[in-house]
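Data first, discussion second: the structure below is written as C-alpha coordinates.
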Amino acid sequence: MYPPKLQQIVELFEVLPDIEKRETLITYADQAKSKEPREGETFDLEDVRKDEECTDTVGIFLKVNPDRTTRYRVALGPQVQTLTKAMTAILCKGLEGITIEQVLDVPADFVPKIVGADLVRQRSQTVYYILTRMKSAATVWRNRDRAANLA
(Lines give C-alpha, C1' and ligand atoms only; values in the text may rest on other atoms or scores of the structure.)
Protein backbone atom coordinates (compact mmCIF):
# COMPACT_ATOMS: atom_id res chain seq x y z
CA MET A 1 0.00 0.00 0.00
CA TYR A 2 2.77 2.46 0.95
CA PRO A 3 6.38 2.49 -0.20
CA PRO A 4 8.43 0.20 2.10
CA LYS A 5 10.32 2.94 3.96
CA LEU A 6 7.12 4.91 4.55
CA GLN A 7 5.33 1.73 5.61
CA GLN A 8 7.96 1.15 8.31
CA ILE A 9 7.44 4.66 9.66
CA VAL A 10 3.64 4.26 9.64
CA GLU A 11 3.91 0.95 11.50
CA LEU A 12 6.14 2.55 14.14
CA PHE A 13 3.65 5.36 14.77
CA GLU A 14 0.58 3.12 14.72
CA VAL A 15 1.63 1.32 17.90
CA LEU A 16 2.58 4.45 19.85
CA PRO A 17 0.25 6.15 22.32
CA ASP A 18 -0.48 9.81 21.50
CA ILE A 19 2.11 11.25 23.89
CA GLU A 20 4.83 9.08 22.37
CA LYS A 21 3.65 10.00 18.86
CA ARG A 22 4.20 13.65 19.71
CA GLU A 23 7.63 12.95 21.18
CA THR A 24 8.60 10.96 18.09
CA LEU A 25 7.32 13.75 15.83
CA ILE A 26 9.58 16.17 17.69
CA THR A 27 12.50 13.80 17.13
CA TYR A 28 11.71 13.73 13.42
CA ALA A 29 11.37 17.54 13.39
CA ASP A 30 14.91 17.75 14.76
CA GLN A 31 16.07 15.73 11.74
CA ALA A 32 14.55 18.14 9.20
CA LYS A 33 17.76 20.16 8.92
CA SER A 34 19.56 17.04 7.65
CA LYS A 35 17.08 16.86 4.76
CA GLU A 36 18.17 20.21 3.29
CA PRO A 37 20.09 20.36 -0.01
CA ARG A 38 23.80 19.79 0.43
CA GLU A 39 26.56 21.76 -1.18
CA GLY A 40 27.33 20.46 -4.64
CA GLU A 41 24.03 18.58 -5.08
CA THR A 42 22.15 19.17 -8.30
CA PHE A 43 18.43 18.78 -8.81
CA ASP A 44 16.08 18.24 -11.70
CA LEU A 45 13.45 20.48 -10.18
CA GLU A 46 13.59 23.23 -7.56
CA ASP A 47 10.42 24.81 -6.21
CA VAL A 48 11.08 27.47 -3.55
CA ARG A 49 8.18 29.63 -2.40
CA LYS A 50 6.05 30.80 0.49
CA ASP A 51 2.47 29.63 0.27
CA GLU A 52 -0.47 31.13 2.10
CA GLU A 53 -0.97 27.99 4.20
CA CYS A 54 2.63 27.93 5.47
CA THR A 55 4.31 30.28 7.94
CA ASP A 56 7.56 30.59 5.96
CA THR A 57 9.33 29.74 2.74
CA VAL A 58 9.65 26.07 1.80
CA GLY A 59 11.92 24.77 -0.93
CA ILE A 60 11.27 21.39 -2.52
CA PHE A 61 14.25 19.96 -4.41
CA LEU A 62 13.75 16.86 -6.55
CA LYS A 63 16.41 14.65 -8.09
CA VAL A 64 15.23 11.96 -10.51
CA ASN A 65 17.73 9.21 -11.31
CA PRO A 66 17.99 7.53 -14.73
CA ASP A 67 15.83 4.65 -13.40
CA ARG A 68 13.20 7.29 -12.45
CA THR A 69 13.72 6.80 -8.72
CA THR A 70 13.57 9.95 -6.66
CA ARG A 71 15.36 11.77 -3.90
CA TYR A 72 13.86 14.79 -2.23
CA ARG A 73 15.55 17.50 -0.24
CA VAL A 74 13.57 20.21 1.53
CA ALA A 75 14.73 23.60 2.78
CA LEU A 76 12.57 25.16 5.47
CA GLY A 77 12.51 28.77 6.59
CA PRO A 78 13.07 29.50 10.30
CA GLN A 79 9.38 30.12 11.04
CA VAL A 80 8.14 26.73 9.78
CA GLN A 81 6.17 24.85 12.42
CA THR A 82 7.42 21.73 14.19
CA LEU A 83 4.79 19.50 12.60
CA THR A 84 5.82 20.60 9.10
CA LYS A 85 9.45 19.93 10.00
CA ALA A 86 8.53 16.45 11.22
CA MET A 87 6.55 15.63 8.08
CA THR A 88 9.50 16.86 6.00
CA ALA A 89 11.89 14.40 7.63
CA ILE A 90 9.33 11.58 7.47
CA LEU A 91 8.53 12.13 3.79
CA CYS A 92 12.13 12.62 2.66
CA LYS A 93 12.97 9.30 4.30
CA GLY A 94 9.75 7.50 3.42
CA LEU A 95 9.70 8.44 -0.27
CA GLU A 96 13.39 8.05 -1.00
CA GLY A 97 14.21 5.70 -3.83
CA ILE A 98 10.71 5.27 -5.23
CA THR A 99 9.66 6.25 -8.74
CA ILE A 100 7.83 9.40 -9.76
CA GLU A 101 4.74 7.31 -10.44
CA GLN A 102 4.92 5.75 -6.97
CA VAL A 103 5.23 9.20 -5.38
CA LEU A 104 2.10 10.31 -7.19
CA ASP A 105 0.26 7.17 -6.11
CA VAL A 106 1.00 7.55 -2.37
CA PRO A 107 -2.36 8.01 -0.66
CA ALA A 108 -2.52 10.69 2.02
CA ASP A 109 -4.40 8.40 4.42
CA PHE A 110 -1.16 7.54 6.25
CA VAL A 111 -0.96 11.03 7.77
CA PRO A 112 -3.51 10.50 10.60
CA LYS A 113 -1.79 7.21 11.43
CA ILE A 114 1.41 9.14 12.06
CA VAL A 115 0.25 12.36 13.68
CA GLY A 116 -2.97 11.17 15.28
CA ALA A 117 -6.51 12.28 14.61
CA ASP A 118 -6.39 15.22 17.04
CA LEU A 119 -3.46 16.90 15.33
CA VAL A 120 -4.97 16.26 11.90
CA ARG A 121 -8.11 18.11 12.99
CA GLN A 122 -6.17 20.96 14.59
CA ARG A 123 -3.61 21.40 11.84
CA SER A 124 -5.23 19.95 8.75
CA GLN A 125 -3.40 22.17 6.25
CA THR A 126 -0.01 21.74 7.92
CA VAL A 127 0.06 17.95 8.02
CA TYR A 128 -0.60 17.53 4.29
CA TYR A 129 1.41 20.51 3.03
CA ILE A 130 4.78 18.85 2.37
CA LEU A 131 3.22 15.79 0.72
CA THR A 132 1.20 18.06 -1.55
CA ARG A 133 4.30 20.05 -2.51
CA MET A 134 6.31 16.87 -3.20
CA LYS A 135 3.56 15.45 -5.39
CA SER A 136 3.31 18.78 -7.20
CA ALA A 137 7.04 18.70 -7.95
CA ALA A 138 6.72 15.11 -9.19
CA THR A 139 3.85 16.13 -11.49
CA VAL A 140 5.81 19.06 -12.94
CA TRP A 141 8.85 16.83 -13.54
CA ARG A 142 6.71 14.12 -15.17
CA ASN A 143 5.01 16.65 -17.44
CA ARG A 144 8.36 18.12 -18.50
CA ASP A 145 9.72 14.61 -19.12
CA ARG A 146 6.73 13.73 -21.27
CA ALA A 147 7.04 16.95 -23.26
CA ALA A 148 10.77 16.34 -23.82
CA ASN A 149 10.10 12.81 -25.03
CA LEU A 150 7.49 14.08 -27.50
CA ALA A 151 9.86 16.65 -28.98
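The values are calculated or read from the model by the stated rules, or taken from the named source; none is laboratory data. Note that the structure is a prediction, hence the values are computed from the model and not measured. With ideal geometry, Cβ positions are generated from the backbone for all residues, glycine too; neighbour counts draw on all protein chains shown.
Look at (1) touching a strand residue (DSSP E or B) at 6+ places or on another chain (Cβ under 6 Å); (2) free of Cβ contacts under 8 Å to residues at least 24 places away in the same chain; (3) under 18 Å from Lys5 (Cα atoms); (4) not hydroxyl-bearing (Ser, Thr, Tyr) and you find that Glu46 fails only one, number (3). Determine whether Thr55 is free of Cβ contacts under 8 Å to residues at least 60 places away in the same chain, in a helix (DSSP H, G or I) and either under 21 Å from Gln7 (Cα atoms) or over 14 Å from the mean Cα position of the chain (by Cα) (or both). The answer is no for Thr55. Screening Pro78 with (1) crowded, with 16+ Cβ neighbours inside 10 Å; (2) at pLDDT below 95; (3) not β-branched (Val, Ile, Thr) gives one miss only, at (1). Among residues belonging to the range 99-151 that are under 14 Å from Asp47 (Cβ atoms) and among the aromatic types (Phe, Trp, Tyr), point out the one that is modelled with the lowest pLDDT. Only one residue fits best here, namely Tyr129. Kindly check whether there is at least one residue in the range 89-102 that is β-branched (Val, Ile, Thr), surrounded by 18 or more Cβ atoms within 10 Å (Cβ to Cβ), in contact (Cβ under 8 Å) with a residue 60 or more places away in the chain and not in a strand (DSSP E or B). Yes, there is a match, as at least one residue in the range 89-102 is β-branched (Val, Ile, Thr), surrounded by 18 or more Cβ atoms within 10 Å (Cβ to Cβ), in contact (Cβ under 8 Å) with a residue 60 or more places away in the chain and not in a strand (DSSP E or B).
Among the residues of the range 32-52, which ones are part of a loop (DSSP other than H, G, I, E, B) and out of contact with any Ser or Thr (no Cβ under 8 Å at 6 or more places or on another chain)? Within the range 32-52, Glu36, Pro37, Arg38, Glu39, Gly40, Glu41, Thr42, Phe43, Asp44, Asp51, Glu52 qualify.
When we screen Thr70, Thr27, Thr42 for residues that are of a type in the set (Ser, Thr, Tyr) and crowded, with 21+ Cβ neighbours inside 10 Å, the only hit is Thr70.
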